[in-house]
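Everything on this sheet refers to the single structure shown next.
The values are calculated or read from the model by the stated rules, or taken from the named source; none is laboratory data. Computed from a predicted structure; not experimentally measured. All Cβ positions, glycine included, derive from the backbone under ideal geometry; neighbour counts span all protein chains shown. The protein model used for the area step is the full one, side chains on, heavy atoms only, and it has no ligands, DNA or RNA in it. Shrake-Rupley method; radii C 1.70, N 1.55, O 1.52, S 1.80 Å.
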Amino acid sequence: MPQAAASFYSRSITSKGNAVRPATTAIWACIFFLSASSGDAKPAGHDRADAQALELAKQAIALRSVRGDGNQVPQVAALFKSALVAGGFDAADVAIMPVDDTAFLIARWKGRDPKLKPLVISGHMDVVEAKASDWERDPFTPVVENGLLYGRGSSDMKLDDALAVATLIELKREGYQPRRTLVLALSGDEETAMKTTQMLARELSNAEMVLNVDGSGGQLDPQGEPQYFSWSGAEKTYADFELTVTSPGGHSSRPYDPNAISQLSAALVRIGQYKFKPELSALTRAYFKSAADYERPEIAAAMRAFAADPTDAKSVAALQANPATIGKIGTTCVVTMINGGHALNALPQRATANINCRIFPGHPRAEIMEELRRVAADSAIQFKDVSTGSVATDASPIRTDLVDAVTKAIHLGYPKVPVFPTMSAGASDSMWFRNEHIPSYGVSPLFMKDSDRFAHGLNERVPVGDVQPSVTYMLSLFTDLSK
Ligand SMILES: [Zn+2]
């Protein structure tokens, strides 16, 4: 995702939804059976897979897979490939494709039924830059301390990658034979240009569904108790629009109207005061209904009222006033940069501003730019879409097979935890798969406390206790959707 663009929502608080909670008796019967058959409340152990996932994660963290000189994404890919091949994959079925300074990996496990479209498990191997001098520990030396695995990429998302690799190897070990082809697709520049993701999405455009194990996840309360799990079925579209006003300029002792900076400023004030129409989708309705249970009373009441009636002015005002919810109820646009003038004693010849938007699914960027143009209400202001690396995508459908499989898999490790959908802030690998019309879902199994969420930031970490339930989850999820 474009740097800071995505990860806040995608990893933090998200959603839930009664409408999609599939607590069918069949699932409960199945969970009961699994629990009962192992003779205790926990599902059967997969110690080798657990140990391998943690070991692979540490080895991957030690590789500096940051864009630029010395990018070690290809080494991360080689690490995973050698594990997969040692674990029973045919070397010819695990391809590493170099692209510029990075690479992507595609591992194929052929299903028994060639008529079925493949199930893609998606992740990324690159990480955001980390300056060692700012960290308490070296970001590229993995350390486990007080039950937490520290290192750049621990939570975003080398542990998820390692879990997926170890789970596939465990399935091989157990003699599993998928009916549907399984494809592990790991990109190499998700945090920056997303060129490898676009190549992967094109190559895999015949897929049935994408499970992106980099997104959403579970919430732990401050005491470490699991609260809920959310999966992501949509993301907002990232956009940047450049506004420019030009003027002949002149000597500052001979001012005239309009002044380019004043003219642009006036339009920016109008844009700053503007609120886009509140919107509700099936996904966000489900989110608000469930997420309300974890909010303070005013916000909870507003969430419930908005889910029932998105035109309710009082709840709209409350949700718009709250930075954690304003992005969930519609498109937002803000000024992020301004630039103007060229000398202290000259009339400005040019003033520019960048408006950054997070667009609610269902609207093309051009439509939002036109809306901003109307709000700016000044034909002298030129608008230009300068967005890079982003495409507008619609929400993926709330598929029963996905919801059932995710809910069942989570409940194996975290019985009865509420499971509901959410919408992410945007620009994960899922964007490019959705662009190819492949339903794509953020389904990372990691449960985190808010106080441990440092993806892209300092002292990034992830609870080691997540490993065992995550392997259990992935074993269940991957088989349910491919058997
Ligand atoms: Zn990520």
Over segment 110-168, average the accessible area per residue using a 1.4 Å probe and give it in Å², no decimals. 37
Kindly sort R108, R202, R374 by accessible area of their heavy atoms, largest first, with the probe set to 1.4 Å. R374, R202, R108
Sort all Cα-Cα distances of segment 330-376 into consecutive 5 angstrom bins from zero, then give the percent of pairs in each bin up to the one containing the longest distance. 5, 17, 22, 19, 13, 9, 8, 5, 2, 0
In Å², rounded to a whole number, the accessible area per residue of segment 297-375 with probe 1.4 Å is 49
Surface per residue (accessible, 1.4 Å probe) for segment 379-483, Å²: 31
At a 1.4 Å probe, what is the % contribution of carbon and sulfur to the accessible area of the chain? 54
Determine, for each peptide in 133-140, 352-359, 163-170, 247-254, the mean count of other beta carbons within 10 angstrom over its residues, then list the peptides with the highest first. 163-170, 352-359, 133-140, 247-254
Computed FRET efficiency, Cβ-Cβ of A132 and K416, R0 45 Å: what is it to the nearest 0.05? 0.60
Compute the distance from the alpha-carbon center of segment 145-202 to that of segment 252-322, in whole Å. 36
Explain nothing, just the number: relative contact order of the chain, from Cα pairs under 8 Å at least 6 residues apart, as a whole percent. 28
Quick one: which residues, 5+ away or cross-chain, put their amide H under 5 Å from the amide H of L149? H built at 1.01 Å from N. V462, V464
The ratio Rg/Rh over the Cα atoms of the chain, Rh being the Kirkwood inverse mean 1/r radius, stands at 1.01
